[in-house]
Amino acid sequence: MIELRGVSKKYPSRDVITDINLRVEEGEFVSILGYSGAGKTTLISIAAGLREADSGEVLIDGKHIQGFADEASIVFQNYSLLPWFSALENVRLAVDSRFHDWPKEKQKKQAAKYLELVGLGNAFDKTPKQLSGGMRQRVSIARAFATEPKILFLDEPFGALDALTRANLQTELARMCASAERPVTTLMITNNVEEAILLSDRIVPLSKAPRATLGPSVTVGLAKPRTTQALAHDPEFIRIQAEIVEFLTGIKQKTEQPVHEVNA
């Protein structure tokens, strides 16, 4: 569903990413995990069609993309909500961009449905400034899913949230992505190893900048749904965590005990 072939990008001061090759299958949840400043946001922006690569190519569903990918949504870390509109209207505007021929009332019903799914049934009329950070991110997630995307891009969507809110939203996101009715192909970037293992079918580490490139992918074969409590002492979780941390740090890990969380 998503394919990057030999993608590279440089800025005037340095090379950022080099020779990125990646395939994400339909319905798969893949995380790119790496250090801050390694080029993760550049990579996902190119994959989504928000930025052009200097070389290489990006294909969505077998077709070269021009501009933001059709039937795709993106969730940013900083919410990106229009401050003068209510939560309902922020979501409805996204629905309108995707289903412009729908009557406004149908668009509102679609927006309301997804706000309720993320636990904001009582916040339709509140503006972003009246919402907590976690509630704003719930609006962003509702907005993304209300367009019924085939593909979802996640740009460190939980990085600015407290631990409890992050855990709740991770659970909500995992449930929505894995819906049997409409599975969503998902590409997420993160610097949190535990989060990547919790959500992903496969994790691909990104080496340090400059000239960052992708390392070997790691399949996460743990049964879903997953919880952090269940994973904490799971031998397979510990093995996967150690493998990823070893690639990122170059330091051999012991796997008898849980590896301390590494925010790359």
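Just one of the listed residues (156, 181, 172) is at pLDDT below 90 and at positive phi, namely 156.
Please specify each residue of the range 137-167 satisfying the condition of being assigned to a helix (DSSP H, G or I) and among the β-branched types (Val, Ile, Thr).
Across the range 137-167, the qualifying residues are 139, 141, 165.
For the range 146-153, indicate whether the set of residues that are among the acidic types (Asp, Glu), at positive phi and under 12 Å from the mean Cα position of the chain (by Cα) is non-empty. So far as the range 146-153 goes, no, none of its residues is among the acidic types (Asp, Glu), at positive phi and under 12 Å from the mean Cα position of the chain (by Cα). Within the range 126-174, restricting attention to residues that are closer than 21 Å to residue 109 by Cα and basic (Lys, Arg), the residue that is surrounded by the fewest Cβ atoms within 10 Å (Cβ to Cβ) is 126. Quick check on the range 81-92. Is at least one of its residues in contact (Cβ under 8 Å) with a residue 24 or more places away in the chain, more than 22 Å from residue 165 (Cβ to Cβ) and in contact with a His (Cβ under 8 Å, 6 or more places away or on another chain)? No: zero hits. The number of residues in the range 11-24 that are more than 15 Å from the chain's Cα centre (by Cα) and either surrounded by 15 or more Cβ atoms within 10 Å (Cβ to Cβ) or touching a residue at least 60 places away in the same chain (Cβ under 8 Å) (or both) comes to 9. Selection over the range 192-210 of residues that are at pLDDT 85 or above and either more than 17 Å from the chain's Cα centre (by Cα) or of a type in the set (Phe, Trp, Tyr) (or both) gives a count of 1. Selection of first residues in the range 224-246 that are closer than 18 Å to residue 164 by Cβ and of second residues that are of a type outside the set (A, V, I, L, M), restricted to Cβ pairs under 6 Å at least 6 apart or on distinct chains, gives the following pairs, ordered by first then second residue: 231/237.
Among the residues of the range 195-206, those that are in contact with a helix residue (DSSP H, G or I) (Cβ under 7 Å, 6 or more places away or on another chain) and assigned to a helix (DSSP H, G or I) comprise 195, 197, 198, 199. For the range 64-91, taking the residues that are closer than 29 Å to residue 190 by Cβ and among the charged types (D, E, K, R), the one that is surrounded by the fewest Cβ atoms within 10 Å (Cβ to Cβ) is identified as 71. Considering the range 140-191, the residues that are among the polar types (S, T, N, Q) and in contact with a strand residue (DSSP E or B) (Cβ under 6 Å, 6 or more places away or on another chain) include one that is farthest from residue 114 (Cα to Cα), namely 191. Screening residue 74 on (1) under 21 Å from the mean Cα position of the chain (by Cα); (2) hydrophobic (A, V, I, L, M, F, W, C); (3) assigned to a helix (DSSP H, G or I) shows it passes everything except condition (3).
Only residues that are of a type in the set (A, V, I, L, M, F, W, C), under 18 Å from residue 148 (Cβ atoms) and in contact with a Phe, Trp or Tyr (Cβ under 9 Å, 6 or more places away or on another chain) were counted across the range 57-110, and they come to 8. Screening the candidates 174, 209 for the property of being in contact (Cβ under 8 Å) with a residue 24 or more places away in the chain and assigned to a loop (DSSP other than H, G, I, E, B) yields one hit, 209. Scanning the range 31-60 for residues being assigned to a loop (DSSP other than H, G, I, E, B), surrounded by fewer than 18 Cβ atoms within 10 Å (Cβ to Cβ) and hydrophobic (A, V, I, L, M, F, W, C) gives a total of 1.
Pick out the one residue from 204, 220 that is under 17 Å from residue 26 (Cα atoms), free of Cβ contacts under 8 Å to residues at least 40 places away in the same chain and either among the charged types (D, E, K, R) or surrounded by 16 or more Cβ atoms within 10 Å (Cβ to Cβ) (or both). When all the criteria are applied, what remains is 220.
The values are calculated or read from the model by the stated rules, or taken from the named source; none is laboratory data. Note that the coordinates shown come from a computational prediction; the quantities given were computed from them, not determined experimentally. Counting neighbours? That spans all protein chains shown, and the Cβs are built from the backbone with ideal geometry, glycine included.
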